[in-house]
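The structure appears below as C-alpha cells.
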C-alpha cells in the first residue's frame, strides 16, 4: 500500500482541486465591517441609550475575548467553545463577525492537521474503520490506536470531518457544526450556513465521478444562485459564486469519469430524466439557470438527446467551453 499512498499523495492536488472551491472561504472581511455597533432610537426613553450602550459593551468584550483566544497557538478549539457559550449574548453584527472569523481560522488551519493523516499507518487504519455514514464520534470510538484516536479527536475539535477519494482519507470542513449559530448571525450568513451544511452533507464528486443525483445537483446549484441574487453584497457572495460556477459546469458537462454524454454520444438516462422534469417546472423565481436548463432541454429534444455539433455549439455559446 505504501507505493499506492505515495502515488495518491502526488495526485491529491488534482483530485481535490475542485473540492477547494467547496470548502475554502474568503479570508478577508470588507472594510466597511467595523466592530462598532450601536443604534439608539430617538423615541426611546431615557434609559434606552444606557441599556444599548451596556449591550454593545458586553458584545464588544465577547468579540475581543474571542479574537484573543483565536490568536493563541492552537487556540481555535478554545475559541470555538467560547463562542458556543457566549454568541447568544453578542449583537448580531458581532456574532456574524465571530462566525466568519471562525470559518476563516478553520480553513487556514486545515492543511496542517490534514497532513497528519497522510502517513501509511494512519491511512491503513482509517481504511479499516471508515464508513461513509459514520460521524466523527463514531470514527473516534472505532479507532484502534491512540495515535489515530488522538488525530481524529483533534480534527473533530477543530471542526473537520473525514472524507475519502481515490483511496485516500483526508479532511474537509464540517459545516453542520455551524448550524448552531444560524439564529444569532445576520440573515445572509444564516442562509450561507444552511447552504454550506447541505453541500457538505454529501460530496459532489468522488473519484472524479458525480456522487449525487442529477436532480440534487440542479437543486444545489439553484440554492447557490439564489444566494448570489438575494445577497449580492454579502461577505461570502464571491465564494458562493465560485461554487455556483462549478455546479453549473457539472450540470452541463458532467465530471471526468461521468461526463454528461456517454461514449455513444447520448445523454445519460438519469440526467435526461432529471433535466426534463426540472425544465418542465414553472420558473417561479426567475432563475437564469432554470431558464438556461429549459433552453438546453429544448435543444436536446431537437437532436434526440445526442451530443451533436449543434449541441456543442450551443454549450460553447451559452455555458462556455468544457475546460
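The values are calculated or read from the model by the stated rules, or taken from the named source; none is laboratory data. Quick caveat, the model's predicted, so the values are computed rather than measured. Heads up, the Cβs are rebuilt from the backbone with ideal geometry, glycines too, and the neighbour counts pull from every protein chain shown.
Descriptive notes on the structure:
- Residue in the stretch 121-131 that is surrounded by fewer than 18 Cβ atoms within 10 Å (Cβ to Cβ), closer than 30 Å to residue 274 by Cβ and not assigned by TED's automatic domain parsing to the domain that holds residue 289 present: yes
- Qualifying residue in the stretch 133-153 (condition: in a helix (DSSP H, G or I), surrounded by fewer than 20 Cβ atoms within 10 Å (Cβ to Cβ) and either within 15 Å of the chain's Cα centre (by Cα) or in contact (Cβ under 8 Å) with a residue 40 or more places away in the chain (or both)): no
- Which numbered condition residue 212 fails, given (1) touching a residue at least 24 places away in the same chain (Cβ under 8 Å); (2) surrounded by fewer than 21 Cβ atoms within 10 Å (Cβ to Cβ); (3) assigned to a loop (DSSP other than H, G, I, E, B): (1)
- Residue 221 vs. criteria in the same structural domain as residue 93 (by TED's automatic domain parsing), crowded, with 20+ Cβ neighbours inside 10 Å and in a helix (DSSP H, G or I): no
- Yes/no for residue 247 being free of Cβ contacts under 8 Å to residues at least 60 places away in the same chain, under 18 Å from residue 289 (Cβ atoms) and surrounded by 17 or more Cβ atoms within 10 Å (Cβ to Cβ): yes
- Residue within the stretch 56-64 that is at pLDDT 95 or above, in a helix (DSSP H, G or I) and more than 23 Å from residue 187 (Cβ to Cβ) present: yes
- Within the stretch 159-174, the set of residues being over 14 Å from the mean Cα position of the chain (by Cα) and in a strand (DSSP E or B) comprises 162, 164, 165, 168, 169, 170.
- Within the stretch 293-323, the residues that satisfy the criterion of being surrounded by fewer than 16 Cβ atoms within 10 Å (Cβ to Cβ), under 16 Å from residue 249 (Cα atoms) and in contact (Cβ under 8 Å) with a residue 40 or more places away in the chain are 319, 320, 322.
- When 165, 155, 109, 143 are screened for being in contact with a helix residue (DSSP H, G or I) (Cβ under 8 Å, 6 or more places away or on another chain), modelled with pLDDT of 95 or more and within 29 Å of residue 210 (Cβ to Cβ), only 155 passes.
- Some residue of the stretch 187-201 being touching a helix residue (DSSP H, G or I) at 6+ places or on another chain (Cβ under 8 Å), outside the structural domain of residue 282 (by TED's automatic domain parsing) and in a loop (DSSP other than H, G, I, E, B): no
- Taking the criterion of being touching a helix residue (DSSP H, G or I) at 6+ places or on another chain (Cβ under 7 Å), within 22 Å of residue 228 (Cα to Cα) and not in a helix (DSSP H, G or I), the only residue of the stretch 239-284 that qualifies is 283.
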